[in-house]
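Read the structure below first, then the notes.
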Amino acid sequence: MAGAAAAALALSACGGGSSTDNNGGEQGKNGPSGFDAAIKGVVNPSDKKGGTLKLTIHDNPDSLDPQIAYYANEWNLMKGFFVRTLLANDTKPGADGLKLVPDLATEVPTPEDGGKKYTFHLKPGVKFEDGSPITSKDIKYGIERVFATEVVNAGPKYLVDLLDQGQKYPGAYKDSDPNKLGLKSVQTPDDTTIVFTLDKPNSDFLYHMQMPVSSPVQRAKDNGTQYANHPQSTGPYKFESYDQGKKLTLVRNDQWDPKTDPVRKALPDRVEITYGTAVEEIDNELLAGEVDLDIAQTGVQQGSQPKILLNPDKKQNADAPVTGFIRYVAISTKVAPFDNIHCRKAVQYALDKTAMQTARGGAQAGGEIATNMLPPTINGHDDADDVFNTKSGKPQIDKAKEELAACGKPNGFETVIATRNTGKEMKTAEALQQSMAAVGITARLDPQDASLYFRSIIGAPSNVHNKGYGLMLAGWGADYPSPAGFLQVIVDSRAIFESGNNNYAELSDPSVDALIDQAAAEPDPQKNAEIWKQINRKVSESATYMPFTYDKALNYRNPRLTNVYITQYYGQVDFGNLGVMS
């Protein structure tokens, strides 16, 4: 998930109540306390309703359309407040939060026909915000929107690959079926039953049914590119107002029935999200108690880190989880001279990973040095898989110069670095620029608006080629907690799109694609992980991706928040179960 998505953490956790926390200390009725408490369990557990939850973020959303959104914080926000799907990740701390549970569906289905058929039944009494019942046809229509790339021009496209099966289905808006329900692999025999038929088994299919991309949409309320301005709620809150780029206000949805929803507490009366606040000002507001949480969840800025870590009163309200994201640099295979593998290897050896780590806050607040493109939180990770011997974090200048000579550029060359225009990202890009300069590579920075960055800046190959982006800063977390959920869409050549592309390097290796298909058909988790280890190794050897940290994020939370815990599914505080004391 770009900057993305959903991340499966390898954090242990205890529930609230009186028990022993993971550091051997006592938890009282308010759950664990102190630094990293929200990693260990539920801080300030409560069922108290009322009040206004105040959230903020620097960036505009890439979209509030559930079929388009692809940022982890947006999925967390949507799923917590106004988007329901057939399944959900359980809203619990620790490993329990990785389990799939029924949401709109009555139960998690058992695969049929050797893993090629899945039948879901809808709960009675589930409705849209206008009181219309949610039907199986609404779910099918929402999925059909994903195929309509003229409108839904970003977001995860797994379902296109899984469900098209040679039909060349054009999407909901060009569907010749009079009811716009012409996708053959999804059938709705009645309003409460939906049947998915795959052409081959896929061990991760159920995970796709918990993503916002598979949420129901009413055809009558679908206004195409404008749907993001007011998506019809199926959850406990609905839009009261949305001033794009400034503020979103959510209020209670009186058509939501809590008896049908086991995963959302829906405690606040109102939720206010402010967009566009400067990152330094966000830190100031957090520390002053003026806002409750930065929903970016990427950590406070460098200048604020000592204010938290060196002040015991502030530190006890902060957490620095391993997020499950990797911070990395994508190296374009289509922008010269990086179409030459030796030029790609040159920058691999030239990179000062320690400087990149420092720019993000050091080991405690920024993350450990990364050696490959599977994070420690995902099966198949092996820290020893270090093709370029980068674990020390130090640049290898002599090797970089050898590779420059091998690619015919002994004196270096010029290139462009694409980056988001926020504080921490800019500092990281500057560290990258300095690493390249040390071996004679002149790299110009091209900062871009964060809300467009992944979809249409580095996510549009034609733009990458035209702008000459040789190096692109990125972050990625798992869409769901398996190796495929992390790595597939950034390395599969069949997942290169004209817009909303996530294979930023445009890596195209038939042997990688073949192994991805082999892994998809392997239901045994350990055998599956071994295949992904092979894929990860091939990706490293291609020198197309340059990981530098396994991400950590030092985040501060307002002490008045209740039900605070890190959800392992997103690697963030679980927004949807937060409450406030006043």
Exercise. Would you work out the relative contact order for the stretch 422-539, in percent, from Cα pairs under 8 angstrom that are 6 or more residues apart?
Key: 19
Self-check item: Table column - 3J(HN,Hα) (Hz), the stretch 44-58, Karplus curve with 6.51, -1.76, 1.60, x for Gly and Pro
Solution: 6, x, 6, 10, 5, 9, x, x, 10, 8, 10, 10, 8, 6, 6
Quiz prompt | Simple spin-label estimate for Glu112 and Asp269 in nanometres, 7 Å along Cα-Cβ | solution = 4.8
Quiz item: Roughly speaking, what is the stretch gain from Asn340 to Lys538, that is 0.36 nm per residue apart minus the C-alpha to C-alpha distance, in nm to one decimal?
Solution: 69.6 nm
Practice problem: Would you compute, for the Cα atoms of the stretch 136-200, the largest minus smallest coordinate along each principal axis and list the three values in descending order, in whole Å? | Solution: 30, 28, 19
Practice problem: Compare the peptides 484-493, 228-237 by average per-residue count of other Cβ atoms within 10 angstrom and give them in order, highest first. | Solution: 484-493, 228-237
Self-check item: Karplus-derived HN-Hα couplings along the stretch 443-451 (A = 6.51, B = -1.76, C = 1.60, θ = phi - 60°), whole Hz, x at Gly and Pro
Solution: 10, 8, 7, 10, x, 9, 4, 5, 5
Exercise. Give the calculated FRET efficiency between Glu402 and Asp517 to the nearest 0.05, with a Förster radius of 45 Å applied to their Cβ-Cβ distance.
Key: 0.80
Quiz prompt | Cross-link reach list, aspartates and glutamates versus Lys394, counting only Cα pairs under 16 Å and skipping chain neighbours closer than eight places | solution = Asp352, Glu368, Asp386
Self-check item: For Lys409, distant residues with modelled amide H under 5 Å away
Solution: none
Quiz item: Rounded to two decimals, what ratio of Rg to Rh does the chain give with C-alpha atoms and a Kirkwood Rh?
Solution: 0.95
Practice problem: Among DSSP beta bridges whose residues both lie in the chain, state the antiparallel percentage, nearest 5. | Solution: 75
Quiz item: For the stretch 167-290, how many pairs of lysine residues have a Cα-Cα distance under 25 Å, where the two are 8 or more positions apart or belong to different chains?
Solution: 16
Quiz item: Given a 1.4 Å probe, how much area per residue of the stretch 146-196 is accessible, in Å²?
Solution: 44
Practice problem: Could you do me a favour and compute the accessible area per residue for the stretch 231-389, 1.4 Å probe, result in Å²? | Solution: 36
Practice problem: Note the per residue figure in Å³ for the convex hull of the C-alpha positions in the stretch 496-582. | Solution: 171
Practice problem: Express the relative contact order of the chain as a whole percentage, based on alpha carbon pairs under 8 Å and six or more residues apart in sequence. | Solution: 24
Practice problem: Enumerate the amide H contacts of Gln448 below 5 Å, restricted to partners 5 or more residues apart or on another chain; note that Pro and chain-start residues carry no placed amide H. | Solution: Thr419, Arg420, Asn421
Exercise. Could you pull out every one of the aspartates and glutamates with an alpha carbon less than 13 Å from that of Lys334, ignoring same-chain neighbours closer than 8 positions?
Key: Glu506
Exercise. Restricting things to alpha carbons, tell me how big the stretch 355-395 is in terms of Rg and Dmax, in Å.
Key: 10.8, 29
Exercise. Mind putting together the pair-distance distribution for the stretch 125-259? All Cα pairs, 5 Å bins, whole percent per bin, short to long.
Key: 2, 9, 18, 22, 20, 14, 9, 4, 1, 0
Quiz item: If the cut-off is 14 Å between C-alpha atoms, which aspartates and glutamates fall inside it for Lys29, apart from same-chain ones fewer than 8 positions away?
Solution: Asp21, Asp47
Quiz item: Once fully extended, how much extra length lies between Asp191 and Lys99, figured as 0.36 nm per residue of separation less the alpha-carbon to alpha-carbon distance?
Solution: 30.4 nm
Quiz item: Per-residue ellipticity at 222 nm for the chain, helices alone: DSSP H runs ≥ 4 residues times -39500 (n - 2.57), over residue total, nearest 500 deg cm²/dmol?
Solution: -6500 deg cm²/dmol
Quiz item: Using θ = phi - 60° and the Karplus curve 6.51 cos²θ - 1.76 cosθ + 1.60, what whole-Hz ³J(HN,Hα) does each residue of the stretch 460-471 get, with Gly and Pro shown as x?
Solution: 10, x, 5, 5, 4, 5, 5, 7, x, 6, x, 10
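The values are calculated or read from the model by the stated rules, or taken from the named source; none is laboratory data. If you're wondering where the values come from, they're calculated on a predicted model, not measured in any experiment. All Cβ positions, even for glycine, are placed from backbone atoms using ideal geometry, and neighbour counts span all protein chains on display. Side chains are part of the model used for accessible areas, which takes the heavy atoms of the whole protein and leaves out ligands, DNA and RNA. Shrake-Rupley method; radii C 1.70, N 1.55, O 1.52, S 1.80 Å.
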